[in-house]
Amino acid sequence: MRQLIGGEWIDSRNGRVFDSVSPWSGEVVATVAAGDQDDTRAAIEAAQQAFGPWSESLPHERQGIFLRAADELERRGDEVIALLAHETGCTRHFADIQLEFALSLLRQSAALPYASQGQLLPSDLPGTRAMAVRRPVGVVGAIAPWNAALTLSSRAVAGPIALGNTVVLKPSEHAPACGALLAEVFVAAGLPPGVLNLVTHGPGEAAFVGEELIANPLVRRINFTGSTTTGRRLAEAAGRHLKRMLLQLGGHNPLIVLDGVDLDYAVDAAVFGSFVHQGQVCMCARRIYVERPIAEEFSERFAARAASLPVGDPADPETVIGPVISRWALSTIARRVEEAVAHGARVLAGGEARPPCYPATVLVDVPPDVELAFDETFGPVVVIDAVEDRDEAVRRANASAFGMNAAVLAADAAQGMEVARRLDAGIVHVNDQTVNDEPQMPFGGTKDSGWGSFGVGFAVDEFTELQWVTTRDAPRPFPF
Ligand code: ADP
């Protein structure tokens with residue numbers, strides 16, 4: 001599998017390749033170009049060259065490309081779903097969610113070229129007409145993760161391109177073929193050469209690409225979706241270059257269950273929010289706070305449902321818990337569960353790896369100082385805690401370095417809203433679980449979960465420069 005640079009599918013300049021491997025079967029999904037800073041530089045230069053004409057392209061040309069890209073992606077839907085399973089271990093229901101999101105994103109982005117590009121501003125200088133004009137920024141670097149490879153790569157490129165920018169996309173080393181498929185879709189839709197470029201790299205070599213994207217002055221913005229650790233490191237480097245970044249990072253998301261709630265619904269919602277894509281979604285619930293009168297019954301029913309979730313081959317539509325992305329990730333999950341248990345946690349469900357899977361796992365009595373209790377563990381593990389009242393639920397929910405999202409399940413929505421408005425999170429859902437996204441929503445976290453938003457419409461702030469322009473019809477007086 002090659003890189004896309006300036007409209008050509010090419011090998012890496014250093015000639016190296018690596019294998020993208022299925023997390024379920026260990027089979028080679030694709031043999032991929034292992035690019036580095038030289039390929040990245042070439043891709044940036046190709047994007048810069050394409051920027052002028054693309055930024056001046058007519059709205060209907062851009063719209064047509066996005067609509068054709070959506071049709072092409074839809075036509076290849078079965079292939080996309082199979083690839084997501086093969087390369088990233090994505091189960092059928094989550095692949096359907098990803099595909100639906102990406103199609104909607106492309107179709108909504110098709111309207112962006114027609115969005116208003118500025119404002120007229122009143123001026124106190126007689127005869128001056130003042131405007132705030134939005135202009136595309138130029139080359140955008142897009143760094144995407146593997147977990148929701150289709151949706152997160154699509155949103156990393158769709159807004160920037162629709163707004164007249166050009167892009168260098170760096171997919172994860174765990175999902176290069178998914179990134180290439182997206183690029184193929186845009187090429188088939190008629191996107192001009194150089195508007196979208198794809199650079200791939202081998203395991204452990206992301207920094208070759210990332211450092212060039214950050215340091216190269218032609219790159220005007222970076223968007224990053226991934227872990228807080230990596231995002232923080234990149235943001236520090238970007239700060240040295242005064243380069244703006246959009247950061248969508250990890251979460252340690254609380255789900256609060258209030259007394260009086262419909263327990264059947266609460267259990268169903270919490271099971272989905274905790275275990276979708278085997279817990280490998282930044283929005284997954286990691287901590288469930290339940291009011292004490294219902295805590296025991298909720299925990300028992302929740303654990304029973306978790307224990308019953310089918311584990312196995314992601315290509316089987318019945319599977320709920322597919323494989324964890326890598327052996328390293330699996331061992332991190334296992335180590336953190338073992339640490340919690342060694343410090344007094346009780347396992348209500350799961351708790352033993354079944355390589356390459358980790359079954360849905362429910363823990364109680366987890367002490368606050370073990371990693372599971374405060375850090376994002378990217379897998380199907382959730383902690384339940386009883387709380388005395390709503391105030392304690394809010395206090396504990398907010399006692400986190402993260403601020404991605406939160407959810408409140410309550411007997412009525414007003415009661416839920418009263419709790420929700422006190423939660424420090426970028427996204428809060430009442431009477432729903434934590435995992436929700438639609439392309440037009442202002443998706444984004446606070447605190448260590450990042451800043452900025454990809455939402456169609458909101459992305460305008462991220463991927464355009466605001467320029468103040470004035471014009472006069474006649475000379476004006478000057479004081480000297
Ligand atoms: P995850 O644990 O979800 O893989 P990461 O933050 O490691 O989260 O990865 C998210 C994206 O960031 C991936 O595309 C990965 O290759 C990339 N990445 C990791 N390290 C760096 C780096 N030093 N520079 C640029 N990108 C990086």
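The values are calculated or read from the model by the stated rules, or taken from the named source; none is laboratory data. As the structure is a computational prediction, the values presented were derived from the model and not from experiment. Here the Cβ positions follow ideal geometry from the backbone for every residue, glycine too, while neighbour counts run over all protein chains shown.
I need a count of the residues in region 35-74 that are free of Cβ contacts under 8 Å to residues at least 40 places away in the same chain and in contact with a strand residue (DSSP E or B) (Cβ under 9 Å, 6 or more places away or on another chain).
Qualifying residue count, region 35-74: 1.
Residue-wise test of (1) among the basic types (K, R); (2) in contact with a helix residue (DSSP H, G or I) (Cβ under 9 Å, 6 or more places away or on another chain).
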| position | (1), (2) |
| --- | --- |
| L4 | no, yes |
| R16 | yes, no |
| S25 | no, yes |
| V28 | no, no |
| T31 | no, no |
| Q37 | no, yes |
| A46 | no, no |
| Q49 | no, no |
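When the residues of region 161-175 are narrowed to those that are farther than 19 Å from V460 by Cα and crowded, with 24+ Cβ neighbours inside 10 Å, which ends up nearest to the ligand (Cβ to nearest atom)?
It comes out as S172.
How about region 290-346: which of its residues are over 30 Å from V28 (Cβ atoms), among the acidic types (D, E) and out of contact with any Asp or Glu (no Cβ under 8 Å at 6 or more places or on another chain)?
E296, E297, E300, E338 - these are the residues of region 290-346 that are over 30 Å from V28 (Cβ atoms), among the acidic types (D, E) and out of contact with any Asp or Glu (no Cβ under 8 Å at 6 or more places or on another chain).
Which of (1) assigned to a loop (DSSP other than H, G, I, E, B); (2) touching a residue at least 60 places away in the same chain (Cβ under 8 Å) does D385 not meet, given it meets every other one?
For D385, the exception is condition (1).
When residues of region 194-216 are filtered for being within 13 Å of G179 (Cβ to Cβ) and either of a type in the set (S, T, N, Q) or in contact with a His (Cβ under 6 Å, 6 or more places away or on another chain) (or both), how many remain?
Final tally of qualifying residues: 3.
Mind checking whether some residue in region 428-436 is of a type outside the set (A, V, I, L, M), surrounded by fewer than 19 Cβ atoms within 10 Å (Cβ to Cβ) and within 23 Å of L105 (Cβ to Cβ)? Let's see the steps before the verdict.
Going through region 428-436, the residues of a type outside the set (A, V, I, L, M) turn out to be 429, 431-434, 436.
In the following step, the residues that additionally are surrounded by fewer than 19 Cβ atoms within 10 Å (Cβ to Cβ) were identified as 432, 436.
Cutting the leftovers down to within 23 Å of L105 (Cβ to Cβ) gives us 432, 436.
Scanning region 428-436 turns up at least one residue that is of a type outside the set (A, V, I, L, M), surrounded by fewer than 19 Cβ atoms within 10 Å (Cβ to Cβ) and within 23 Å of L105 (Cβ to Cβ).
Check V366 against each of (1) closer than 25 Å to T88 by Cβ; (2) among the hydrophobic types (A, V, I, L, M, F, W, C); (3) in contact with a strand residue (DSSP E or B) (Cβ under 6 Å, 6 or more places away or on another chain); (4) in a loop (DSSP other than H, G, I, E, B) and name the one condition it does not meet.
Result: V366 fails condition (1) only.
Is one or more of the residues making up region 79-88 touching a Phe, Trp or Tyr at 6+ places or on another chain (Cβ under 9 Å), among the charged types (D, E, K, R) and closer than 30 Å to R134 by Cα?
Applying the first criterion (touching a Phe, Trp or Tyr at 6+ places or on another chain (Cβ under 9 Å)) to region 79-88 yields 84-88.
Checking the rest, the ones that are also among the charged types (D, E, K, R) come to 87.
If we keep only those that are closer than 30 Å to R134 by Cα as well, we get none.
So far as region 79-88 goes, no, none of its residues is touching a Phe, Trp or Tyr at 6+ places or on another chain (Cβ under 9 Å), among the charged types (D, E, K, R) and closer than 30 Å to R134 by Cα.
Answer with yes or no whether G159 is assigned to a helix (DSSP H, G or I) and on the phi < 0 side of the Ramachandran plot.
Values: assigned to a helix (DSSP H, G or I): yes; on the phi < 0 side of the Ramachandran plot: yes.
Answer is yes for this residue.
Give, as residue ranges, the helices (runs of 4 or more DSSP H) completely inside region 189-301 that count at least 1 residues that are under 26 Å from G52 (Cβ atoms), modelled with pLDDT of 95 or more and within 16 Å of the ligand (Cβ to nearest atom). Show your work before the answer.
Values: elements: 206-215, 228-240, 263-275.
Fully inside region 189-301 and qualifying: 206-215, 228-240.
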